[in-house]
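**Q** Sharing a structure here in structure tokens format.
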Amino acid sequence: MKIFSTLSGKKEQFVPQSDEVTMYVCGVTPYSDAHIGHAMSYIIFDVIRRYIRFSGYKLKFIQNVTDVDDKIIDRANKKGIPAIELAEQYSDSFMADMDALNVVRADFYPRATGEIDKIIEMVQGLVNNGYAYEVNGSVYFRVTKVSDYGKLAHRTLDSMMAGARIEIEQDKEHPMDFTLWKASKPGEPSWTSPWGEGRPGWHIECSAMSLKYLGDTIDIHGGGSDLIFPHHENEIVQSECFTGKKPFAKYWMHNGLLQFGGDKMSKSLGNLITIKDALQKYNVDTIRIFILNSHYRSPLKYSLEAFQAAESAADRLRRTVEREDNANNTNKLDPQPYRKLFIEAMDDDFNTPQALAALFDLARAINQAADAGTDISEAKNTLAELAQNVLGLKLASISYEQNPEIQKLIQERQTFREERNWKEADDVRQKLADLGVAVEDTPTGVKITPLKKK
RNA sequence: GGCGACGUAGCCAAGUGGUAAGGCAGGGGUCUGCAAAACCCCCAUUCAGCGGUUCAAAUCCGCUCGUCGCCUCCA
């Protein structure tokens, strides 16, 4: 298995430290509903996790919830509720979204507010060994003391300074120094520390959690490419300087970002589509195929057309899995060649578009074989296994058996058809269409599917 | 201003030296009472443009044009 690491800038052979792979992906700061950009990132890392397990490794996966932060405090103040309550609310909302998107849960979701002891221990350690300094109750990291600062973003301190819009903060020794511990203002959530009342800076919680739950060196650390700098860069220096061990993470993985249409990517929330909105309109498989049909490191443009294409594609796989087995036929379709292609694609830095292509090739072969009466049971199992276990698709069809109105109309139509009364039969079909379902006559009986949105 | 990514058919999108995957849409056909689904055939002599290296380039190099990201909160 090969993984592209942002740190080295190339694909590397994946060699975990042990049979149990340790992995950390930056989670959310819960102050509003998550949007489909979040869905993209977490679905991608979900598939990566699923594939690592599918390949035979064990995996320990941790994801943070940063439940104390400026934006949470601002938003909570506007709403007139405690910050922790707001964070709780949106954190629950996020978990519900992840479940709905069929994202496998992490082993544990530590919260920043629950890890204050570890955070203070780290900040103190960094002060003690000279990598951090306290000014007016806040503690800053001294970036000039680290020779390889910028190694993840592939930049140097000088190049960062050139033309950068950096707000000059009087307290900092160097403009690029970043906050480890922030002195709190009155009314803000705060904890007692050796430097007075305060709260964690932005980057420190991820380091603390990763070190505490996964160890000094983990195998994979991931997140959106917008986190490379400064978030992950800072995680690296503060962690490595605290533990004295390198590397903090062996492989750094970053997904490309979702772009919103050709229009202005307006910063106002009007342009953002929440996961809840998307799920209202499309099923999980549609959303997952939309995302997995492009490579995870490439940016992806949101478009209605692409979603509709993904919906049709999902439907194709779903229908294929539902075809009759012909299990009594002695001719069998062998899915191995397709399985091999799928695995080769996934082994090459999780090339899901190519893996999906292998699945569609298998689907075509299955349909061909099914038309010919060949036994497709094993091939179908392979298709379902790879699609569901690795790509996290559900391939679940909607059942209308519990709907008496639809069942009654189907019966009516069957009667007309047996009487060869095509006119009446077609009228009933139209009635069913008005109810949002399409009826298909197949050799094995009537099949009801949701009517396609045009 | 600095750093970086990208530009492949109507749309989405793989492919990083050996002659263009896959999905969607479209056209024709088989099947069907009609449909739908499925299947078959067709749909980029060509990979933004211009030069260069090479026996050979979408793939390497240079320039031009265009789009985007990061440098500030962000998956």
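**Q** For the stretch A:398-430, which residues satisfy the criterion of being charged (D, E, K, R) and surrounded by fewer than 16 Cβ atoms within 10 Å (Cβ to Cβ)?
**A** Step one: filter the stretch A:398-430 for residues charged (D, E, K, R), giving A:401, A:405, A:408, A:412-413, A:417-420, A:423-424, A:426-427, A:429.
Result: A:Glu401, A:Glu405, A:Lys408, A:Glu418, A:Glu419, A:Arg420, A:Lys423, A:Glu424, A:Asp426, A:Asp427.
**Q** Return yes or no: is A:Lys332 within 15 Å of RNA strand B (Cβ to nearest atom) and more than 24 Å from A:Asp99 (Cα to Cα)?
**A** Values: within 15 Å of RNA strand B (Cβ to nearest atom): no; more than 24 Å from A:Asp99 (Cα to Cα): yes.
No, not satisfied.
**Q** Would you point out the residue of the stretch A:7-23, among those that are more than 17 Å from A:Pro230 (Cα to Cα) and buried (at least 17 other Cβ atoms within 10 Å of the Cβ), that is nearest to RNA strand B (Cβ to nearest atom)?
**A** The qualifying residue nearest to RNA strand B (Cβ to nearest atom) is A:Met23.
**Q** On to the next question. Contact list please: Cβ distance under 9 Å, first residue in the stretch A:278-303 and farther than 16 Å from A:Asp99 by Cβ, second residue away from RNA strand B (no atom under 12 Å from the Cβ) and among the aromatic types (Phe, Trp, Tyr), pairs at least six apart or on different chains.
**A** Close Cβ pairs (under 9 Å, with a partner that is away from RNA strand B (no atom under 12 Å from the Cβ) and among the aromatic types (Phe, Trp, Tyr)) amount to A:Phe290/A:Tyr282.
**Q** Of all residues being farther than 21 Å from A:Asp67 by Cβ and touching a helix residue (DSSP H, G or I) at 6+ places or on another chain (Cβ under 7 Å) in the stretch A:176-221, which is surrounded by the most Cβ atoms within 10 Å (Cβ to Cβ)? Just the residue, please. Give the steps one after another, and end with the answer.
**A** First pass over the stretch A:176-221, keeping only residues farther than 21 Å from A:Asp67 by Cβ: A:176-177, A:194-196, A:215-220.
Now narrow it down to the ones that are touching a helix residue (DSSP H, G or I) at 6+ places or on another chain (Cβ under 7 Å): A:176-177, A:194, A:216, A:218.
Details: A:Met176: 19, A:Asp177: 19, A:Pro194: 12, A:Asp216: 15, A:Ile218: 24.
Among residues in the stretch A:176-221 that are farther than 21 Å from A:Asp67 by Cβ and touching a helix residue (DSSP H, G or I) at 6+ places or on another chain (Cβ under 7 Å), the one surrounded by the most Cβ atoms within 10 Å (Cβ to Cβ) is A:Ile218.
**Q** Another one. When residues of the stretch A:304-314 are filtered for being touching a residue at least 12 places away in the same chain (Cβ under 8 Å) and more than 6 Å from RNA strand B (Cβ to nearest atom), how many remain?
**A** Here the count works out to 4.
**Q** Residue under question is A:Glu173, and the condition is that it be touching a residue at least 40 places away in the same chain (Cβ under 8 Å), in the same structural domain as A:Gln17 (by TED's automatic domain parsing), buried (at least 21 other Cβ atoms within 10 Å of the Cβ) and charged (D, E, K, R); does it hold? Let's see the steps before the verdict.
**A** Numbers: touching a residue at least 40 places away in the same chain (Cβ under 8 Å): yes; in the same structural domain as A:Gln17 (by TED's automatic domain parsing): yes; buried (at least 21 other Cβ atoms within 10 Å of the Cβ): no; charged (D, E, K, R): yes.
When the stated conditions are applied, A:Glu173 does not pass them.
**Q** Does the stretch A:418-426 include one or more residues that are over 30 Å from A:Tyr57 (Cα atoms), at pLDDT below 95 and under 38 Å from the mean Cα position of the chain (by Cα)?
**A** no
**Q** While we're here: For A:Ser55, are the conditions met, namely being of a type outside the set (Val, Ile, Thr), away from RNA strand B (no atom under 14 Å from the Cβ) and either buried (at least 21 other Cβ atoms within 10 Å of the Cβ) or at pLDDT 95 or above (or both)? Lay out the reasoning, then the answer.
**A** Values: of a type outside the set (Val, Ile, Thr): yes; away from RNA strand B (no atom under 14 Å from the Cβ): yes; either buried (at least 21 other Cβ atoms within 10 Å of the Cβ) or at pLDDT 95 or above (or both): yes.
Yes: the conditions hold for A:Ser55.
**Q** Does any residue in the stretch A:414-435 that is under 14 Å from A:Val446 (Cβ atoms) come within less than 7 Å, Cβ to Cβ, of a residue that is within 10 Å of RNA strand B (Cβ to nearest atom) and acidic (Asp, Glu) six or more places away or on a different chain, and which pairs are these?
**A** The qualifying pairs are A:Phe416/A:Glu424.
**Q** Another one. Since A:Pro337 meets every condition but one in (1) on the phi > 0 side of the Ramachandran plot; (2) more than 9 Å from RNA strand B (Cβ to nearest atom), which condition does it not meet?
**A** (1)
The values are calculated or read from the model by the stated rules, or taken from the named source; none is laboratory data. Keep in mind that what you see is a predicted model, and the values were worked out from it rather than measured. A quick note on method: Cβ atoms are made from the backbone with ideal geometry, for glycine too, and the neighbour counts reach across all protein chains shown.
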